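The numbers here are math on the coordinates, done by the rules we state, and not lab data. Fair warning: this is a prediction, and the values are worked out from it, not measured in the lab. Quick reminder, even Gly has a Cβ in these numbers, built from the backbone with ideal geometry, and neighbours come from all protein chains shown.
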Amino acid sequence: MPPASIPMRPSWLSAVAYRNILNDKATPKDHRLGALAAISICRDAKSGKAAFDKYFSTLDLPPASQDLSPDSTLGHLFFARGFFKRVAEALGSGDEDVVAENFAILRDEKIPRRERRKVLKRLDRAMRGKPIRSSSPIWLYRDPPPSKDATAILEDVDTCLPWKLALPHPAGEFLHFTFPAASVAGGCRTPNCTDPGFDYLHIWKHGGKTNPPRPCPQSCGAVTGLKEVVAPSVTYETRIEPLGYCLSASLP
């Protein structure tokens, strides 16, 4: 049974995290109040996280589905080093430093296109049939801009995208993937409060739209959020070429 009234926010829980649980329409109200009741009696964030995770571990939340048109696309931004590690993992005996060295060839426009294409084909073979991420579900954002040059080997992506997506660590090198919505087996749904995880509730925003941090790099101007979904992990080969690359904008 849910509590009869809305549980008070414990002093150690940020107001943003509290609101993100309380107002998360992708989670049934009874479960939102039940989770708040479970953590409201905890003394600190560590025990609150344990109570939050334990509460939701016993539930099977109904998905808040998002219906996308068959011709729509979805974008995914992957921290470059994380992707290199994923490729090495897929190979079973690979070295992420070697993957990084090969990827540097893709980025070097002084190297002949045929040599860069060979590297891309090796990457394709390594990842064929493999989910883009080992964990599932993954986060995607809706309707990324179309490619400027579909024949490109590697295309530059908006340097402000990591900030628009409100990534926990928006500075660094990223790879961008575009997928047709039809490639998402099992469909897309609006993220609920369990998807970001308890530790990131303070930077998440309920409702399925990202909440860019403040401040953002001046070069990005007035940054607005992007619509996002979560879905079962898509397979690498369903991506739409070309790969994207982004060296994020940085704060002064």
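State, in angstrom, two size descriptors of segment 15-57 derived from its alpha carbons: Rg to one decimal place and Dmax to the nearest whole number.
Rg then Dmax for segment 15-57, in Å: 9.8, 27.
Which chymotrypsin sites (Phe, Trp or Tyr not before Pro) from segment 1-96 combine a DSSP loop assignment with at most 14 other Cβ atoms within 10 Å?
Answer in residue order: W12.
Taking the convex hull of the Cα atoms, report for segment 138-252 its projected area averaged over all directions, in nm².
The directionally averaged projection comes out at 7.6 nm².
For S5, what charge total do you get from the other residues with a beta carbon under 14 Å from its beta carbon, if Lys and Arg give +1 and Asp and Glu give -1?
Net of charged neighbours comes to +2.
Can you work out D for segment 1-116 in µm² s⁻¹ from Stokes-Einstein, where Rh is the Kirkwood radius over C-alpha pairs, the temperature is 4 °C and the viscosity is 1.567 mPa s?
69
First select every other residue whose beta carbon is under 12 angstrom from the beta carbon of G208; then total the charges, Lys and Arg +1, Asp and Glu -1.
With Lys, Arg at +1 and Asp, Glu at -1, the neighbours total +3.
Give me Rg over Rh for segment 60-208, both radii from the alpha carbons and Rh done the Kirkwood way, two decimal places.
Rounded to two decimals, Rg over Rh is 0.97.
If you take every residue apart from I111 with its C-beta less than 11 Å away from the C-beta of I111, what net charge results, scoring Lys and Arg +1 and Asp and Glu -1?
Net of charged neighbours comes to +4.
Distance cut-off 27 Å, Cα to Cα: go down the list K25/K85; K25/K227; K46/K205; K118/K148; K121/K209 and report the pairs above it.
Pairs exceeding 27 Å: K25/K85; K121/K209.
Spin-label point model (7 Å from Cα, Cβ direction): what's the S219 to L247 distance in nm?
0.9
In nm, what is the difference between 0.36 nm times the number of residues separating S47 and D97 and their Cα-Cα distance?
14.2 nm
Select from segment 53-150 those trypsin sites (Lys or Arg not before Pro) which occupy a DSSP coil region and have at most 14 other Cβ atoms within 10 Å, ordered by residue number.
The qualifying sites are K110, R128, K148.
When N is the residue count of segment 79-133, what does its C-alpha Rg come to as a fraction of 2.2 N^0.38 Å?
Normalised Cα radius of gyration, segment 79-133: 1.10.
Given a Förster distance of 25 Å, report the FRET efficiency between S72 and T151 from their Cβ-Cβ distance, rounded to the nearest 0.05.
Calculated transfer efficiency: 0.65.
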